[in-house]
Amino acid sequence: MKRSITAIAFAASFAATSIFAAEVEPRFQAGALSFSGGTGFTNASLKITGPGDFEAEETASRGLPVFRVRGGRMKDGFYQFSLSAATDEQVKIKKQVNNGRGDNTRDYTLKPFHMSGMFEISRGTIVPPEEMKAGADGDAASE
């Protein structure tokens, strides 16, 4: 049985991220994309792109941002998201540079976090992943 292009792309988009932050999962609700799990995130940015040159960005200084569907302004189709944030995990800086901060210089940086994926909008709402169209290009996949 052949898998749909959408299902393969969807699974692949989360495979790499699960290694680094298995506890963070996207939550696709009819009117919003949010994230569950994980703690200690700061300076998070969620970028959404899609049909008709659609672009949006949501940010959160603490925690993870939420994207709310924008009613009639979003065309039906597939949208991509990219989430990036700093975690509270400290990573030792191997080669420090004099940044002019004197005694306030840190010998660590915060470990970055990144996740990306896709979702479908149909009739102004997010389609649950298990109900997405057969093919990302809109063509039905043969089974």
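The values are calculated or read from the model by the stated rules, or taken from the named source; none is laboratory data. Computed from a prediction, not measured in an experiment: that's the story for all the values here. Don't worry about glycine lacking a Cβ; one is built from the backbone with ideal geometry, like all the others, and counts go over all protein chains shown.
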Restricting to the range 61-88, give me the number of residues that are closer than 15 Å to Met115 by Cα and of a type in the set (Gly, Ala, Ser).
5
Kindly evaluate Thr39 against the criterion of being part of a strand (DSSP E or B) and not basic (Lys, Arg).
no
Identify, please: which residue in the range 70-119 is of a type in the set (Lys, Arg) and either outside any helix (DSSP H, G or I) or over 23 Å from the mean Cα position of the chain (by Cα) (or both) and is, among those, surrounded by the fewest Cβ atoms within 10 Å (Cβ to Cβ)?
Lys95
Do you know which residues across the range 67-105 are under 30 Å from Ser34 (Cα atoms) and either among the polar types (S, T, N, Q) or touching a Cys at 6+ places or on another chain (Cβ under 7 Å) (or both)?
Gln80, Ser82, Ser84, Thr87, Gln90
Taking the conditions exactly as written (in a strand (DSSP E or B), at pLDDT 95 or above, over 14 Å from the mean Cα position of the chain (by Cα) and not basic (Lys, Arg)), does Ser45 satisfy them or not?
no
Could you list all residues from the range 52-62 that are part of a loop (DSSP other than H, G, I, E, B) and at pLDDT 95 or above?
none
Unmet criterion (only one of (1) touching a residue at least 40 places away in the same chain (Cβ under 8 Å); (2) at negative phi) for Arg123:
(2)
Condition first: touching a Pro at 6+ places or on another chain (Cβ under 9 Å) and among the acidic types (Asp, Glu). Now tell me which residues in the range 61-94 satisfy that.
Asp76
Starting from the range 78-89, take each residue that is over 23 Å from Gly124 (Cβ atoms) and touching a residue at least 24 places away in the same chain (Cβ under 8 Å) and list its partners that are acidic (Asp, Glu) and in a strand (DSSP E or B), counting only C-beta distances under 9 angstrom and pairs at least six apart or across chains.
none
